[in-house]
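I have placed the structure first, in the form of structure tokens, so that the comments after it can refer back to it.
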């Protein structure tokens, strides 16, 4: 069925089709609509999810942790400062190996306070042990949420999953998307059948106990190994999803990269603008390409290195400022991934779009023009810079 939905409504509809056991809910812009739609489904008797309105995002994640530990399937939605308020509990969820599914509608993290899109909220939680999957558009936001549970709940993974989409750009814009039949979604996701849980009287256990130094590191290694295993599981679930939807997903998406000499790497809705710019440049005979990072955790380092092996100059675009004085988080990961390549491309980092600052096809044309100049001169210039801000020192 093809229908016209906002990104928020699409995710809420996926939740309706899955009919999870529990939702911990506290509203925050721009993810509020997700909880509002789910609350409406509950009130109308369309689903029997236990909807728990709480006093803060810290509490909403606490509800999800308690429910998942008890053997229920729990979901949540938040943005920006809400995700930051959950910070402590994000680690509790992952270290307790509780596969909660969280819809993160990306928004700039205060301060100064700003309700528009960038990736500073989810990037701030990138090392919390959560799988992170990013959507370019409404269709992908819907699909990602449906795939999240079979990924996170898999016995070899058992990690929480954060499905991310760009605030307002994706969450509030309306697009035609293809919805799957309810029964198809239910069968694909399946029932949540944990091996161990608090209400299983045959095997009493505690969740989140004090972990002494004699055991703590072993548990962290297990968690790290689970994240490694998640990469294969994500691909397996994507192949199964393709069978029921016809839509193909991978860890990264390569766009016109077969013979690309110049490339941009980025995350989220800006990928659509980048693709349009690449098409324009291809018409002029410029060998431009783009790579969209769909899965940021686990990071697809080997796949990215392979995709960039024959390029000559690459711009990594971060929609989040890492404050490392050396570039943003995507740049750091990409630079590390390319380290073992025998012939590495020139690499620059552009931090862009902070607080909702717009990016256009013309901006991408300037980026590719700079990359071409780098190849010609052999000089990168400033490796790390900011794009689109008002300054005499601005590179682009």
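Any read-out appearing in this document is the output of simple, stated calculations on the displayed coordinates, not a laboratory observation. Fair warning: this is a prediction, and the values are worked out from it, not measured in the lab. Every residue, glycine among them, receives a Cβ derived from its backbone with ideal geometry; neighbour counts consider all protein chains shown.
General observations
- Here the Gaussian network model covers the chain, with springs between Cα atoms less than 10 Å apart; of 49, 40, 170, 40 fluctuates the most.
- Ranked for footprinting exposure by Cβ neighbours inside 10 Å, fewest first, 164, 64 give 164, 64.
- Helices in the chain, meaning DSSP H runs of at least 4 residues, each add -39500 (n - 2.57). Divided by all residues, the mean residue ellipticity at 222 nm is -13000 deg cm²/dmol.
- In nm, spacing of pseudo-spin labels at residue 127 and residue 186 (7 Å Cα→C-beta vector): 4.4 nm
- Relative contact order for the chain, counting Cα pairs under 8 Å that sit 6 or more residues apart, in percent: 15 percent
- Radius ratio Rg over Rh of the stretch 247-396, counting only Cα atoms, Kirkwood formula for Rh: 0.92
- Between helix 361-377 and the chain: long-axis angle, C-alpha atoms, 0 to 90°, nearest 10: 50 degrees
- Rounded to the nearest 10 degrees, the inclination of helix 270-283 to the longest alpha-carbon principal axis of the chain is 30 degrees.
- Among 208, 356, 167, residue whose mean-square fluctuation peaks in a GNM of the chain (springs only between Cα atoms under 10 Å): 208
- The chain: most fluctuating residue of 382, 345, 160 per GNM, C-alpha cutoff 10 Å: 382
- Peptide ranges 361-373, 12-24 listed from the most packed, as the mean C-beta count within 10 angstrom indicates: 12-24, 361-373
- Mean-position separation - Cα centroids, the stretch 55-89 and the stretch 169-222, in angstrom: 12 Å
- Folded to 0 to 90 degrees: helix 7-18 orientation relative to the chain principal axis, Cα: 40 degrees
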